[in-house]
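In what follows, a single structure is set out as structure tokens and then discussed.
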């Protein structure tokens, strides 16, 4: 271990000269550390070496680059008679160990043997121990964590905890919800946050229990939560019920004001070529569907006599703008291509939609906006899906196109979805497939769409993108490793059940 | 304990603190602007940190606004997005904003006994209201937003006793310039400046004095709250606050007395705020520009003082006089009181609130060889433009009188 000795008033301009401040990478800064007073420093310094200095070390500008450069050069600690105020803050905040110990500095001769114990705050010079100005435990923690923000991040992750409402629903719903829950719990453990789950009724089971597809308590519980996970609803036993179980979904969307439905369409490598009807060997796009306007929510009814019926499609500029804005922003984060799908050659709402899209595109100059008629879009999803990055469309078109896209990519069992509202309101995350009553209770359902919905929940609902990425990677690895449920298995391939597939994902999750 | 130490002990939840001690204290407000907040926001996002209490953050877009160029527009856009995403209540954009240190006291966001950190060196202004307020870096700002806490090293204090009362045309600006001249630019390095005997000083004057505490290296400047403070805060805040006093046996590193009646209009010559001289001694210095505004002197009383000199007079030929009201409400009061009319008739230009020229941003940058008398706070080399330009720091009365004569002039010489 070597010591580098300097005098009083070593300023930040010599620690790292201003001409190198167009860099912020610590390793690059370290190459020029101390260059102007000690050209040999950067070339000879080894990890664990010490800087010994006089009074007022680090005076001058407030640049955080100075402690960063020293730390990145490998210096284990700086021992000085005193430190300049801002350098002292910056050293602590960036995780550089500093000790104020005037007596030790005076005792250190040219070839002194110096040992620093940062835990006890002692500097031993040729075997004689000097006590440095004590460092409180929280500053030790900051330095140990690698800086103030890293230490806070670790604290926040430890304490962050989210409330999630689980709505398992009917059919295979409970089994796939269990799979999603297990995977979320493991991801939370790995990435250091807490999850609290509450189960509530929806759909057929809710009808059977209290006569309503969305009990009041369920909605209230969802409103209080950070995110909602939904399994699946419906089944043949409620075909003749006065209220259909699916009505619970519509009420939930309305109750939480979810206006935005997201469906990522992705071709999973190992499944390319299977059961798929789209062309090309790659597709990865996001469908953004408006969820609370248009035909499904406009005035509808029968004329007197009942032999004539009508539905009306209404969209306000405001409704169009909020979904377009989300889509533009999403495209901006991805490959910067947005396809707006309408039927502007026939429908007035579509013409308004197109006008608003054109207006908004001025605010997103980097995003390439293209318009496509819905009939053509239906074909292009099959013929050339690789052209898409983000598709945005109104409610009815989105309903049809998103199912088409999922089925065409050959993996309805792999398609998650998210329904989002405004900031601060919980989103609902669910697989797009139905309740598959014929598979219920047989450990035969594919849990991957549900697990991928859980990943979306972590990404869009809780803002835990690292955990979400990890789940998506784990699903990819499980598929790469040959895990297949019946719906995605080719003839001759070994088929696993819901639980085994979930276990394979858990094994790959890290 | 000194006044500052008393506040820090309470905010750290400790019975007492001593100079040099490192503490972790609860923060009442974290402030950032369009220059420093984007860095803090980026750091928070890099570390995946969340805001702990959106109501304890103030974001003010004041430095290069209304956006002076594309880069500054991008900075503001980043802050705007962050404010919206995190539902920051105290976010002030063009149309509501003012220069941060003019705006926050006006809005009642600083009160006695509170602990305020801001990623702006002039955050120490709020000491004028009896708060502990200190400038910090962007990393500290990010940490403050994420944790609601800040680590601090407890400072020693210099006790400044203000004796007597000010003569006409002598202001808070003259007090602080003469004190900086006395202490030097690092004379209070790391320490608190604690001011006593200020009963006769208005809040605007106290804010001006505290504002420039940093210019002699101080961590903070502070006035104990009194009746004047309580009168100012009435109707501005309904938060409960504590009015602290120092212990009778408080230990000070140094004590100085400023005889207010002996002060005269004071000017800091280039290129240090400590390089002071009486305005009357500088009457030969020709000026090209006069700037009246900034976080130091952009309040309504500053505009009134300038208008008093400029009313019925004209800005001298060859001098550009730029008046920058410190906030929307200062501007509105100035309109209602007819001050803006006075400025325009005198041949001055009036700008929307901005830090603008004070830090060489925009709205009055100096060319090579030009001389400016300015009510701002720093006269370092190149601060307002070209490295070979010259800044004289002064009060609004001196700046206005100088604008009228074209040379540095004491107000008594023109009225």
Study note, to complete from the structure: In region A:153-178, anything surrounded by fewer than 21 Cβ atoms within 10 Å (Cβ to Cβ), more than 14 Å from every other protein chain (Cβ to nearest Cβ) and under 20 Å from residue A:426 (Cβ atoms) is listed as A:163
Point to revise | Residue within region B:163-174 that is within 12 Å of chain A (Cβ to nearest Cβ) and either closer than 30 Å to residue B:411 by Cβ or in contact (Cβ under 8 Å) with a residue 40 or more places away in the chain (or both) present | key: no
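Would it be correct to say that residue A:97 is assigned by TED's automatic domain parsing to the domain that holds residue A:11, free of Cβ contacts under 8 Å to residues at least 24 places away in the same chain and under 45 Å from the mean Cα position of the chain (by Cα)?
Details: assigned by TED's automatic domain parsing to the domain that holds residue A:11: yes; free of Cβ contacts under 8 Å to residues at least 24 places away in the same chain: no; under 45 Å from the mean Cα position of the chain (by Cα): yes.
No.
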**Study point:** residue A:424, sole failed condition from (1) in contact with a helix residue (DSSP H, G or I) (Cβ under 9 Å, 6 or more places away or on another chain); (2) on the phi > 0 side of the Ramachandran plot
**Key:** (1)
Exercise for review: Identify, by number, the condition in (1) out of contact with any helix residue (DSSP H, G or I) (no Cβ under 7 Å at 6 or more places or on another chain); (2) surrounded by 18 or more Cβ atoms within 10 Å (Cβ to Cβ) that residue B:373 doesn't meet.
Suggested key: (1)
Study note, to complete from the structure: Filtering region A:227-250 down to residues that are closer than 21 Å to residue A:292 by Cα and surrounded by fewer than 18 Cβ atoms within 10 Å (Cβ to Cβ) yields A:243, A:246, A:247, A:250
Revision key, fill the gap. Looking across region B:139-158 at residues that are outside any strand (DSSP E or B), over 22 Å from residue B:54 (Cβ atoms) and touching a helix residue (DSSP H, G or I) at 6+ places or on another chain (Cβ under 8 Å), the single one that is nearest to the other protein chains (Cβ to nearest Cβ) is B:155
Check your understanding: Among the residues of region B:381-397, is any in a helix (DSSP H, G or I) and not assigned by TED's automatic domain parsing to the domain that holds residue B:61?
Key -> yes
Check your understanding: Restricting attention to region A:29-57, which residues are within 14 Å of another protein chain (Cβ to nearest Cβ) and modelled with pLDDT under 85?
Key -> A:56
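Are any residues in region B:212-234 in a loop (DSSP other than H, G, I, E, B) and free of Cβ contacts under 8 Å to residues at least 60 places away in the same chain, and if so, which ones? Even if it seems obvious, please write down each step before you answer.
Within region B:212-234, the first condition is being in a loop (DSSP other than H, G, I, E, B), and the residues that meet it are B:217-219, B:223-226, B:234.
Result: B:217, B:226, B:234.
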Check your understanding: What number goes with the only condition from (1) surrounded by fewer than 24 Cβ atoms within 10 Å (Cβ to Cβ); (2) at pLDDT 95 or above that residue B:138 does not pass?
Key -> (2)
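Residue by residue, here is whether (1) touching a helix residue (DSSP H, G or I) at 6+ places or on another chain (Cβ under 6 Å); (2) under 28 Å from residue A:376 (Cα atoms); (3) surrounded by 23 or more Cβ atoms within 10 Å (Cβ to Cβ) holds:
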| position | (1), (2), (3) |
| --- | --- |
| A:435 | yes, no, yes |
| A:438 | no, no, no |
| A:454 | yes, no, yes |
| A:464 | yes, no, yes |
| A:480 | yes, no, no |
| A:483 | yes, no, yes |
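Have a look at B:282, B:344 and point out the one that is crowded, with 18+ Cβ neighbours inside 10 Å and modelled with pLDDT of 95 or more.
Values: B:344 fails: crowded, with 18+ Cβ neighbours inside 10 Å.
After applying the criteria, what remains is B:282.
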Practice item. For residue B:183, state whether it is farther than 21 Å from residue B:7 by Cα and either away from chain A (no Cβ under 14 Å) or over 14 Å from the mean Cα position of the chain (by Cα) (or both). Key: yes
Check your understanding: Being more than 18 Å from residue B:397 (Cβ to Cβ) and in a loop (DSSP other than H, G, I, E, B), is that true of even one residue in region B:290-312?
Key -> no
Revision key, fill the gap. Residue hits (region A:183-215; more than 17 Å from residue A:456 (Cα to Cα), in contact (Cβ under 8 Å) with a residue 24 or more places away in the chain and surrounded by 16 or more Cβ atoms within 10 Å (Cβ to Cβ)) are A:192, A:200, A:201, A:202, A:203, A:204, A:205, A:206, A:207, A:212, A:213, A:214
Review point. Taking helices (runs of 4 or more DSSP H) that do not extend beyond region B:1-112, which have at least 2 residues that are away from chain A (no Cβ under 12 Å), within 20 Å of the chain's Cα centre (by Cα) and within 29 Å of residue A:424 (Cβ to Cβ)?
Key: B:100-106
Check your understanding: Only one residue in A:150, A:145 is surrounded by fewer than 24 Cβ atoms within 10 Å (Cβ to Cβ), within 14 Å of another protein chain (Cβ to nearest Cβ), farther than 30 Å from residue A:218 by Cβ and modelled with pLDDT of 85 or more. Which one?
Key -> A:150
**Study point:** Of all residues in region A:431-474 being within 19 Å of residue A:407 (Cβ to Cβ) and outside any loop (DSSP other than H, G, I, E, B), the one that is farthest from the other protein chains (Cβ to nearest Cβ)
**Key:** A:438
Exercise for review: Within region A:235-258, track down each residue that is in a loop (DSSP other than H, G, I, E, B) and closer than 30 Å to residue A:474 by Cα.
Suggested key: A:258
Check your understanding: Any idea how many residues of region A:72-113 are within 19 Å of residue A:47 (Cα to Cα), more than 14 Å from chain B (Cβ to nearest Cβ) and part of a helix (DSSP H, G or I)?
Key -> 1
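The values are calculated or read from the model by the stated rules, or taken from the named source; none is laboratory data. Only a predicted model underlies this, so the values are computations on that prediction, with no experimental measurement involved. Positions of Cβ are backbone-derived with ideal geometry, glycine not excepted, and every protein chain shown enters the neighbour counts.
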